[in-house]
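One structure, pasted below without further comment.
The values are calculated or read from the model by the stated rules, or taken from the named source; none is laboratory data. Since this is a predicted model, take the numbers as computed values, not measurements. Note that we place each Cβ from the backbone using ideal geometry, even for glycine, and neighbour counts take in every protein chain shown.
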Amino acid sequence: MAEIVITIDGPAGVGKTTVAKILAKKLGFKYFDTGAMYRALALAAQEKGITAEQTALLQKLAGELPLTFNQKENTFKVFLNDRDISELIRHPQIGMLASTISQIKEVREVFWEKQRKLAKEAQRAIFEGRDMGSIVFPDAPVKFFLTASSEIRAKRRLKQLKGLGKDVSYKEIYSSILQRDKQDSKRVIAPMQPAQDAIIIDTSNLGIENVINLMYKHISNKLEDLGMDNREEKTDENSHSLEKDETQTLTTLYNESVKNLQPGEILEGKIVCIMKDHVMVDVGFKSEGAIPLAEFKDRKGNVSVEEGDNVEVLFEGVNERDGNISLSRKKALQILTWEKIAKLYEKGAPIRGEITARVKGGFTVDIGIPAFLPGSQVDIKPVRDYDSFVGKSYSFKIINYNPQLHNVILSRRQFLEEERERLKKQTLSKLKEGDVVYGRVKSITDYGVFIDLGGIDGLLHITDISWGRIGHPADRFEFGDEVKVKVLKFDREKEKIALGMKQLTPDPWESISQKYPVGAHIKGRVTNLTDYGAFVEIEEGVEGLIHISEMCWSKHLKHPSEILSVGDIVETVVLDIDKKKRRLSLGIKQINPDPWEIVMEKYPVGSIIEGKIKSLTNFGIFVEVVPGLDGLVHISDISWTKRVRHPRELYKKGDKIKVKVLEINKDSGKIALGIKQLMPDPWAEVSEKFPVGSVITGKITHITDFGLFVKVDEDIEGLVHISEVSYEKVKNLEERFKVGEEIRVKVIKINPEERKLGLSIKQLEEEEEKAHWRKYLSGNRKIKLGDLVKTKQNNA
């Protein structure tokens, strides 16, 4: 019997082992997994601690390796020293080490000889492994080189290892395959490549049965051409038995019962693998279908499915050449969508979709297929911002559709109108006065809020929002807010509904007197400031007024903002309650004792007190009499005699000074104080000390255009009017007089009430001149006219 060897070569994961086993059984050949030899050597080396760099030890170990194979039915076992290592050698780490060891020339040569020896012993054998057709058995009559994409190979190996109970990941296996392919393709000794006469089969999109049938056909034809037909060795009975066994084996291993499918059918499949460009979907056929990944992406480019998901796909047919099935996710969705549109249109039911873009006259809507939404049908109310609808999902009514023209027209407006009418009927059927209902704020006006109760609106008037004061409804509500309201009035005929919110709680003013009696101290929040006072919210619906006059005992406020701000929490005293008018009068100053009572008791008029200057103004000095109560020293009460233009000439803020209480007026809130009253009025003695007609000496303090101010005593100043300076006309007083100069003057007028002392130089000179002439005349009885003229000229 002639020796027949069939080689099956290719990278890991292409299905070499599976098809080799089945073909061996189908043909009655012995099966040898040569890759298992390198894996067994890798396992033995690892257990003995031999590294890939110890070439001599590996070569010796390969020659002595006690390796045996056992093939029974559908199993192929590898034994090392009678130990079953079939599963151990399938681990990815062993595979990587085996790939490294297989690059050692001396090791490969040892195994090549062993493999040729096994072939001679078997006579008819299938050798599965790398380099079988190109190196080990170059004269083999039939050589196959199987290949597949890295993703498919990784998926197959994962399924194989998971079936053996191995805990490995797809990522780990995929990485291992890529790395091993790289090593095998670059190794110096027998790099992985198909033999020149090898039959190359890409198994990426082929089922196992397709691959086997294709290979069996090639084998039969080749052996027949060579006159080496294997079938003559079998009897008809054996052939029949073998053929029956083959069919049963394939059925058992893969559960591939052929379905009677027709192109155009929509099937439900399961995603078994998502690859770089394709998605593998299992629909229960003999092989999986590959669908372009793009058909599973959304508009943003994101993959919308995961492995294990069930999806509906369109069966387009079977490729007669390679047995692959053709599936389409996109076409299935389109067909299903058109069927859905037809059903919903007939029922008058809405369809859900997303507005994807604005187009001329309206929008494009994604409902599984592109549909058109006219701009006039996007909403019930007028639209200001059409772009705000893009990217949002809504429900629509189908107005019209035409599958042949791929045309669908939608209306959101019609859906909203019908939905509103449905809700309206539902609401009206059960609504009654006194009901407490929920709704959403639809619009806000100056006079109230319209609430959508479900297809029909009710008005929540501003006066029914709160028991308290409301500035504007917008202060309390926003569009879309969910609110709880009470139905106050319902005119079913006119479909008018009056709503209330404050009616949900008792009127707080009913128990106001018991809760906040007059004299009670209560806290509240300042809500508003006016010229006449501050409004304070005590609780929801209860607001009181602190009049500006009730804010401070002493200080006359121009506006409440001087001491209060909106939002402040203040303690107040209840002064008065008018339940009928819903008015609550409050006070702040009453928190502390009335300082006026203290002042009138402790510091009556005439008292002398010491206080701190709180402030200086152009009209006087404010001095603290008691904490919280100031008195005023008017500028006219600072000094009896000094002419004070501004108090800061003499005092500064913070100074402590003594003052005399001149007047206390609680009604007007004024306390008059004086400083000059602490000492006697020097003007009271002026008439006696400087009587009219007396001549005195004084010092010029300052010179003005209208006269000279002359200091005649410590606190007394008099005025020499310019008309009283000389009989002759004086144009410039500063040319004749100097400040600080002492002069003699005559007192010509005194007015103590007005603090005025009139002085004269002219009258003094006139009087002295007359006295001189009288004296002169009394001593010279006889005198001539010429002497008088001469004397006059001399005096001048």
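Taking the options 77, 26, 60, name whichever one is under 25 Å from residue 106 (Cα atoms), surrounded by fewer than 22 Cβ atoms within 10 Å (Cβ to Cβ) and of a type in the set (Lys, Arg).
Details: 77 fails: under 25 Å from residue 106 (Cα atoms); 26 fails: under 25 Å from residue 106 (Cα atoms).
Of the residues listed, the single one that is under 25 Å from residue 106 (Cα atoms), surrounded by fewer than 22 Cβ atoms within 10 Å (Cβ to Cβ) and of a type in the set (Lys, Arg) is 60.
Going by what's in this entry, would residue 548 be described as among the hydrophobic types (A, V, I, L, M, F, W, C), within 24 Å of residue 463 (Cα to Cα) and either over 43 Å from the mean Cα position of the chain (by Cα) or modelled with pLDDT of 95 or more (or both)? Give the derivation first.
On the way: among the hydrophobic types (A, V, I, L, M, F, W, C): yes; within 24 Å of residue 463 (Cα to Cα): no; either over 43 Å from the mean Cα position of the chain (by Cα) or modelled with pLDDT of 95 or more (or both): yes.
No; evaluated as a whole, the condition is false for this residue.
Scanning segment 733-745 for residues that are assigned to a helix (DSSP H, G or I) and touching a residue at least 24 places away in the same chain (Cβ under 8 Å), which turns out nearest to residue 707 (Cα to Cα)? Can you show your working first?
So the first thing to find is which residues in segment 733-745 are assigned to a helix (DSSP H, G or I), and the list is 733-735.
Right, trim to touching a residue at least 24 places away in the same chain (Cβ under 8 Å) and you get 733-734.
Working: 733: 8, 734: 10 Å.
Across segment 733-745, the extreme among qualifying residues is 733.
Could you list, in sequence order, all residues of segment 319-333 that are at pLDDT 90 or above and not aliphatic (A, V, I, L, M)?
Start the filter on segment 319-333 by keeping residues that are at pLDDT 90 or above, which leaves 327-333.
Matches in segment 319-333: 328, 329, 330, 331.
To continue, here is another question. Being farther than 30 Å from residue 299 by Cβ and among the aromatic types (Phe, Trp, Tyr) narrows it down to one residue among 396, 389, 415, 450; which is it? First the steps, then the outcome.
On the way: 396 fails: farther than 30 Å from residue 299 by Cβ; 389 fails: farther than 30 Å from residue 299 by Cβ; 415 fails: farther than 30 Å from residue 299 by Cβ.
Exactly one residue qualifies, and that residue is 450.
With (1) more than 10 Å from residue 675 (Cβ to Cβ); (2) in contact with a strand residue (DSSP E or B) (Cβ under 6 Å, 6 or more places away or on another chain); (3) among the hydrophobic types (A, V, I, L, M, F, W, C); (4) part of a strand (DSSP E or B) as the list, and residue 621 as the residue in question, which single condition is left unmet?
So the condition that residue 621 fails would be (1).
If the Cβ limit is 6 Å and pairs must be 6+ apart or interchain, which residue in segment 297-313 that is under 21 Å from residue 266 (Cβ atoms) pairs with which residue that is aromatic (Phe, Trp, Tyr)?
Listed by first residue and then by second, the contacts come to 304/296; 305/296.
Given (1) farther than 17 Å from residue 580 by Cα; (2) touching a helix residue (DSSP H, G or I) at 6+ places or on another chain (Cβ under 8 Å), where does residue 476 come up short, assuming only one miss?
(2)
Filter segment 529-545 down to the residues that are more than 37 Å from the chain's Cα centre (by Cα) and part of a loop (DSSP other than H, G, I, E, B), then identify the one that is surrounded by the fewest Cβ atoms within 10 Å (Cβ to Cβ). Walk me through it before giving the result.
The initial filter retains those residues of segment 529-545 that are more than 37 Å from the chain's Cα centre (by Cα), namely 530-534, 544-545.
Still in the running and part of a loop (DSSP other than H, G, I, E, B): 531-532.
Working: 531: 9, 532: 12.
Per the criteria, the residue is 531.
Another question, then. Does residue 316 satisfy being closer than 30 Å to residue 212 by Cα and among the acidic types (Asp, Glu)? Break it down into steps so the answer makes sense when it comes.
Numbers: closer than 30 Å to residue 212 by Cα: yes; among the acidic types (Asp, Glu): yes.
When the stated conditions are applied, residue 316 passes them.
So which of 714, 728, 753 is outside the structural domain of residue 640 (by TED's automatic domain parsing), at negative phi, of a type in the set (Asp, Glu) and in contact with a helix residue (DSSP H, G or I) (Cβ under 8 Å, 6 or more places away or on another chain)? Can you show your working first?
Values: 728 fails: in contact with a helix residue (DSSP H, G or I) (Cβ under 8 Å, 6 or more places away or on another chain); 753 fails: in contact with a helix residue (DSSP H, G or I) (Cβ under 8 Å, 6 or more places away or on another chain).
On inspection, the qualifying residue turns out to be 714.
Follow-up. Against the conditions (1) charged (D, E, K, R); (2) more than 27 Å from residue 276 (Cα to Cα); (3) not in a loop (DSSP other than H, G, I, E, B), where does residue 157 fall short? Just the number, please.
Going through the list (1) charged (D, E, K, R); (2) more than 27 Å from residue 276 (Cα to Cα); (3) not in a loop (DSSP other than H, G, I, E, B), residue 157 breaks only (2).
Oh, and also: Answer yes or no: is there a residue in segment 576-586 that is surrounded by fewer than 12 Cβ atoms within 10 Å (Cβ to Cβ), without any contact (Cβ under 8 Å) to a residue 12 or more places away in the chain, assigned to a helix (DSSP H, G or I) and out of contact with any Leu (no Cβ under 8 Å at 6 or more places or on another chain).
Scanning segment 576-586 turns up no residue that is surrounded by fewer than 12 Cβ atoms within 10 Å (Cβ to Cβ), without any contact (Cβ under 8 Å) to a residue 12 or more places away in the chain, assigned to a helix (DSSP H, G or I) and out of contact with any Leu (no Cβ under 8 Å at 6 or more places or on another chain).
Going by the structure shown, is residue 144 within 12 Å of residue 37 (Cα to Cα), in the same structural domain as residue 217 (by TED's automatic domain parsing) and surrounded by 16 or more Cβ atoms within 10 Å (Cβ to Cβ)? So that I can check it myself, show each step before the final result.
Values: within 12 Å of residue 37 (Cα to Cα): no; in the same structural domain as residue 217 (by TED's automatic domain parsing): yes; surrounded by 16 or more Cβ atoms within 10 Å (Cβ to Cβ): yes.
Against the criterion (within 12 Å of residue 37 (Cα to Cα), in the same structural domain as residue 217 (by TED's automatic domain parsing) and surrounded by 16 or more Cβ atoms within 10 Å (Cβ to Cβ)), residue 144 does not qualify.
Taking strands (runs of 3 or more DSSP E) that do not extend beyond segment 346-437, which have at least 2 residues that are aromatic (Phe, Trp, Tyr) and surrounded by 14 or more Cβ atoms within 10 Å (Cβ to Cβ)? Spell out how you get there, then give the answer.
Numbers: elements: 351-359, 362-366, 370-374, 393-402, 407-411.
The strands (runs of 3 or more DSSP E) meeting that bar are 393-402.
Could you figure out which of (1) more than 19 Å from residue 299 (Cα to Cα); (2) under 32 Å from the mean Cα position of the chain (by Cα) isn't true of residue 360?
Status for residue 360: all satisfied but (2).
Could you pull out the residue among 730, 692, 686 that is part of a helix (DSSP H, G or I) and of a type outside the set (Asp, Glu)? Write out each step before concluding.
Details: 730 fails: part of a helix (DSSP H, G or I); 692 fails: part of a helix (DSSP H, G or I).
The match here is 686.
Can you tell me how many residues in segment 695-726 are loosely packed, with under 11 Cβ neighbours inside 10 Å and over 21 Å from residue 642 (Cβ atoms)?
2
A follow-up question, please. Considering (1) farther than 28 Å from residue 158 by Cβ; (2) touching a Phe, Trp or Tyr at 6+ places or on another chain (Cβ under 7 Å); (3) modelled with pLDDT under 85, say which one residue 3 fails and leave the rest.
Among (1) farther than 28 Å from residue 158 by Cβ; (2) touching a Phe, Trp or Tyr at 6+ places or on another chain (Cβ under 7 Å); (3) modelled with pLDDT under 85, the lone unmet condition for residue 3 is (2).
Which count do you get for residues in segment 641-672 that are in a loop (DSSP other than H, G, I, E, B) and either in contact with a helix residue (DSSP H, G or I) (Cβ under 7 Å, 6 or more places away or on another chain) or on the phi > 0 side of the Ramachandran plot (or both)? Spell out how you get there, then give the answer.
In the first step, residues of segment 641-672 are kept if they are in a loop (DSSP other than H, G, I, E, B); the result is 641-646, 650-655, 666-669.
Narrowing further to those that are either in contact with a helix residue (DSSP H, G or I) (Cβ under 7 Å, 6 or more places away or on another chain) or on the phi > 0 side of the Ramachandran plot (or both): 641, 644, 654, 666, 669.
Residues that pass the stated criteria total 5.
Still on this model: Consider residue 134 against the criteria (1) surrounded by 19 or more Cβ atoms within 10 Å (Cβ to Cβ); (2) within 21 Å of residue 216 (Cβ to Cβ): it satisfies all of them except one. Which criterion is unmet?
Going through the list (1) surrounded by 19 or more Cβ atoms within 10 Å (Cβ to Cβ); (2) within 21 Å of residue 216 (Cβ to Cβ), residue 134 breaks only (2).
Moving on. Say we look at segment 738-782 and pick out the residues that are exposed (fewer than 12 other Cβ atoms within 10 Å of the Cβ) and among the hydrophobic types (A, V, I, L, M, F, W, C); which of these is modelled with the highest pLDDT? Explain how you work it out, then say what you get.
Let us first name the residues in segment 738-782 that are exposed (fewer than 12 other Cβ atoms within 10 Å of the Cβ), namely 738, 740, 742, 753-754, 770-771, 774-775, 777-782.
Among the residues that remain, those that are also among the hydrophobic types (A, V, I, L, M, F, W, C) are: 771, 777.
On the way: 771: 82, 777: 78.
Looking at residues that are exposed (fewer than 12 other Cβ atoms within 10 Å of the Cβ) and among the hydrophobic types (A, V, I, L, M, F, W, C), I get 771.
Still on this structure, please answer the following. Would you please list the contacts, defined by Cβ atoms under 6 Å and residues six or more apart or on different chains, that run from a residue in segment 664-682 that is among the aliphatic types (A, V, I, L, M) to a residue that is surrounded by fewer than 17 Cβ atoms within 10 Å (Cβ to Cβ)?
What qualifies is 664/600; 672/663.
Taking the conditions exactly as written (modelled with pLDDT of 85 or more and exposed (fewer than 10 other Cβ atoms within 10 Å of the Cβ)), does residue 735 satisfy them or not?
Values: modelled with pLDDT of 85 or more: yes; exposed (fewer than 10 other Cβ atoms within 10 Å of the Cβ): yes.
It is true that residue 735 is modelled with pLDDT of 85 or more and exposed (fewer than 10 other Cβ atoms within 10 Å of the Cβ).
Table: residues versus (1) free of Cβ contacts under 8 Å to residues at least 60 places away in the same chain; (2) surrounded by fewer than 18 Cβ atoms within 10 Å (Cβ to Cβ); (3) assigned to a helix (DSSP H, G or I).
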residue	(1), (2), (3)
440	yes, yes, no
454	yes, no, no
467	no, no, no
480	yes, yes, no
487	yes, no, no
503	yes, yes, yes
512	no, no, yes
518	yes, yes, no
527	yes, yes, no
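Take the residues in segment 196-225 that are in contact with a strand residue (DSSP E or B) (Cβ under 9 Å, 6 or more places away or on another chain) and either part of a helix (DSSP H, G or I) or modelled with pLDDT under 70 (or both); name whichever of them is surrounded by the most Cβ atoms within 10 Å (Cβ to Cβ).
Among them, the one singled out is 211.
Could I ask something else about it? Give the number of residues within segment 622-655 that are among the aliphatic types (A, V, I, L, M), farther than 18 Å from residue 606 by Cα and modelled with pLDDT of 90 or more. Before you say what the answer is, go through the steps one by one.
So the first thing to find is which residues in segment 622-655 are among the aliphatic types (A, V, I, L, M), and the list is 623, 625-626, 629, 632-633, 635, 638, 644, 650.
Filter once more, so that each one left must be farther than 18 Å from residue 606 by Cα: 635, 644, 650.
So of that shortlist, the ones also modelled with pLDDT of 90 or more come out as 635, 650.
Count: 2.
Quick check on my filter: what residues within segment 616-655 are touching a residue at least 24 places away in the same chain (Cβ under 8 Å), more than 19 Å from residue 683 (Cβ to Cβ), over 59 Å from the mean Cα position of the chain (by Cα) and exposed (fewer than 15 other Cβ atoms within 10 Å of the Cβ)?
Residue satisfying the conditions is 646 alone.
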